[in-house]
Amino acid sequence: MSNGSGFSPVHNTIPDIVVGRLPLYLRALTYMAEEGKATTSSQELGERLGMSSAQIRKDLSTFGEFGKQGTGYHIGYLIGQLRQILKLDDEWRVAVVGAGFLGHALTNYNGFRHRGFRISWVFDSDPEKIGEEMNGLVVQPMGELEATIQREGSRMAILAVPASAAQEVTDRMVAAGIRAILSYAPINLTVPPYVQVRYSAPVVELQHMAFYVDKALV
């Protein structure tokens with residue numbers, strides 16, 4: 001079934017790995033647009049991303065037909081279509097839970113605003129941090145977490161608390177209505193199947209890469 005926007009709605013039959021590549025395509029296309037380019041090809045996009053052009057064409061065809069053979073893709077149009085697929089037409093308001101060094105850095109990072117997200121609330125349990133201002137936001141006490149999420153209808157959160165507190169805080173957020181969590185806590189979280197969790201784990205990634213360092217020098 002078509003919704004009139006050139007692509008079929010995302011549903012459960014689309015592999016998550018395909019959906020996960022769409023933001024990479026969107027980022028590369030956005031850089032191309034900023035460079036002043038108007039059109040591109042799956043070959044050029046693949047070269048930028050280190051992927052095969054066939055994989056890119058296959059991924060995009062899952063959602064519809066966005067280009068023409070011989071002429072490639074109109075960058076502005078494809079950006080608009082990918083933003084619709086990823087539900088980025090409206091700005092998502094995001095809560096940051098944890099106002100330590102990491103939470104402070106995330107709250108002060110201005111790159112979210114241009115990609116469809118806005119850090120709107122910051123929470124912490126440390127009395128010394130409560131009331132502190134971060135990038136125009138006042139750190140709220142954890143006691144206000146549930147009421148704020150429910151009142152504002154927030155659906156997304158970034159978790160930047162110690163591992164010892166991560167599951168308890170996650171349970172509270174989910175009960176209040178959070179449905180997507182980006183976690184920086186070094187622990188695997190248990191959530192209901194309707195809640196999306198993604199992990200950002202720099203130490204794990206460094207450990208992964210360390211395996212290949214000596215091999216790269218051969």
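The values are calculated or read from the model by the stated rules, or taken from the named source; none is laboratory data. The structure presented is a predicted model; accordingly, all values stated were derived computationally and were not measured. Neighbour counts are summed over all protein chains in view; Cβ atoms, including those assigned to glycine, are modelled from backbone coordinates with ideal geometry.
Miscellaneous remarks
- Hits in region 59-112 (condition: under 27 Å from Arg151 (Cβ atoms), touching a helix residue (DSSP H, G or I) at 6+ places or on another chain (Cβ under 8 Å) and aliphatic (A, V, I, L, M)): Leu86, Leu88, Val94, Ala95, Val96, Val97, Ala99
- Every residue from region 110-128 that is charged (D, E, K, R), touching a Lys or Arg at 6+ places or on another chain (Cβ under 8 Å) and at pLDDT 95 or above: none
- Residue match in region 195-212 (condition: part of a helix (DSSP H, G or I), surrounded by fewer than 17 Cβ atoms within 10 Å (Cβ to Cβ), touching a Pro at 6+ places or on another chain (Cβ under 9 Å) and of a type outside the set (Phe, Trp, Tyr)): yes
- Looking only at region 80-115, residues that are of a type in the set (A, V, I, L, M) and under 24 Å from Ala165 (Cβ atoms) come to 8 in all.
- Within region 134-143, the presence of a residue that is in contact with a strand residue (DSSP E or B) (Cβ under 7 Å, 6 or more places away or on another chain), touching a residue at least 60 places away in the same chain (Cβ under 8 Å) and in a helix (DSSP H, G or I) is excluded.
- Residue check: Ala105 meets all listed conditions (1) under 27 Å from Met156 (Cβ atoms); (2) surrounded by 13 or more Cβ atoms within 10 Å (Cβ to Cβ); (3) among the hydrophobic types (A, V, I, L, M, F, W, C) but one, namely (2).
- Odd one out for Tyr25, checked against (1) in contact with a strand residue (DSSP E or B) (Cβ under 9 Å, 6 or more places away or on another chain); (2) surrounded by 15 or more Cβ atoms within 10 Å (Cβ to Cβ): (1)
- If you go through region 33-50 and keep only what is closer than 23 Å to Gly116 by Cβ, over 20 Å from the mean Cα position of the chain (by Cα) and not basic (Lys, Arg), you end up with Ala33, Glu34, Glu35, Gly36, Ala38, Thr40, Leu45.
- Answer residue from region 51-72, given it is more than 24 Å from the chain's Cα centre (by Cα) and not in a helix (DSSP H, G or I) and is farthest from Leu88 (Cα to Cα) among those: Gly70
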